[in-house]
Amino acid sequence: MIKKFNVGVKGIIKTDQGYLILKHAKGHFDTPGGRIDDNEDFKDTLQRELGEELPGITNIEIGDLIGAFRLQKDIDGDISLVLLYFLVNATLPDPIALSEEHTEHLFIKNLAGIPDGLNPEIEGVLRKIL
């Protein structure tokens, strides 16, 4: 059977404090981003998602694609998900505001700062850039 795939984009936001990671309301750590809507391209989607998930973010500069992964589990029936990770420079508000999707944030400065339970795809991207 041929699988169907949704495509999502994620931002690895680099700041002076480190790389921003968000804790999802469901309990897992994540990076901001989401699935493509309508006729958006990758960067349009990421701009929209960053604005939704990090109210007050400004000066968003979407850089290079730094990772692409297929989730190892289906998200719905026979539908799977491919995530594209982009390096992002931006100005975050002080204090950082989060949407209702996330409960807290942290910054990762080095490999020792990677939290337990981070999904392998995000951990792989962070290990690549740290």
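The values are calculated or read from the model by the stated rules, or taken from the named source; none is laboratory data. Everything numeric in this text was worked out from a predicted model, so none of it was measured. Here the Cβ is made from the backbone with ideal geometry for all residues, glycine too, and neighbour counts use every protein chain on show. The accessibility values were calculated without ligands, DNA or RNA, using every heavy atom of the protein model including side chains. Shrake-Rupley method; radii C 1.70, N 1.55, O 1.52, S 1.80 Å.
Looking at E123, E52, E104, which one is of a type in the set (D, E) and within 17 Å of G8 (Cβ to Cβ)? Of E123, E52, E104, the one residue that is of a type in the set (D, E) and within 17 Å of G8 (Cβ to Cβ) is E52. Could you say whether any residue in the stretch 33-53 is modelled with pLDDT of 95 or more, assigned to a strand (DSSP E or B), in contact with a Phe, Trp or Tyr (Cβ under 7 Å, 6 or more places away or on another chain) and open to solvent by less than 90 Å² (accessible area, probe 1.4 Å)? Among the residues of the stretch 33-53, not one is modelled with pLDDT of 95 or more, assigned to a strand (DSSP E or B), in contact with a Phe, Trp or Tyr (Cβ under 7 Å, 6 or more places away or on another chain) and open to solvent by less than 90 Å² (accessible area, probe 1.4 Å), which makes the answer no. Using the structure shown, decide if P93 is without any contact (Cβ under 8 Å) to a residue 40 or more places away in the chain, part of a loop (DSSP other than H, G, I, E, B) and touching a Leu at 6+ places or on another chain (Cβ under 9 Å). For P93, the condition - without any contact (Cβ under 8 Å) to a residue 40 or more places away in the chain, part of a loop (DSSP other than H, G, I, E, B) and touching a Leu at 6+ places or on another chain (Cβ under 9 Å) - is met. Just one of the listed residues (G27, G56, G18, G63) is modelled with pLDDT of 95 or more, farther than 17 Å from N6 by Cα and out of contact with any Phe, Trp or Tyr (no Cβ under 9 Å at 6 or more places or on another chain), namely G56.
Restricting L83, L98 to those that are outside any helix (DSSP H, G or I), more than 18 Å from K14 (Cα to Cα) and in contact with a strand residue (DSSP E or B) (Cβ under 8 Å, 6 or more places away or on another chain) reduces the list to L83.
Can you tell me which residue is nearest to I62 (Cα to Cα) among those in the stretch 1-14 that are open to solvent by 30 Å² or more (accessible area, probe 1.4 Å) and assigned to a strand (DSSP E or B)? Restricting to residues being open to solvent by 30 Å² or more (accessible area, probe 1.4 Å) and assigned to a strand (DSSP E or B), the top hit is K14. Criterion applied to T31, T91 was being among the polar types (S, T, N, Q) and within 11 Å of the chain's Cα centre (by Cα), and the one residue passing it is T31. Residues in the stretch 88-97 that are open to solvent by 50 Å² or more (accessible area, probe 1.4 Å) and aliphatic (A, V, I, L, M): there are none. One residue stands out among those in the stretch 71-80 that are in a strand (DSSP E or B) and surrounded by 11 or more Cβ atoms within 10 Å (Cβ to Cβ): the one that is nearest to the chain's Cα centre (by Cα), which is S80. Yes or no: the stretch 59-70 includes at least one residue that is part of a loop (DSSP other than H, G, I, E, B) and touching a residue at least 40 places away in the same chain (Cβ under 8 Å). No - not one qualifying residue is present in the stretch 59-70. When residues in the stretch 108-127 are screened for being among the β-branched types (V, I, T), in contact with a Phe, Trp or Tyr (Cβ under 6 Å, 6 or more places away or on another chain) and in a helix (DSSP H, G or I), 1 of them pass.
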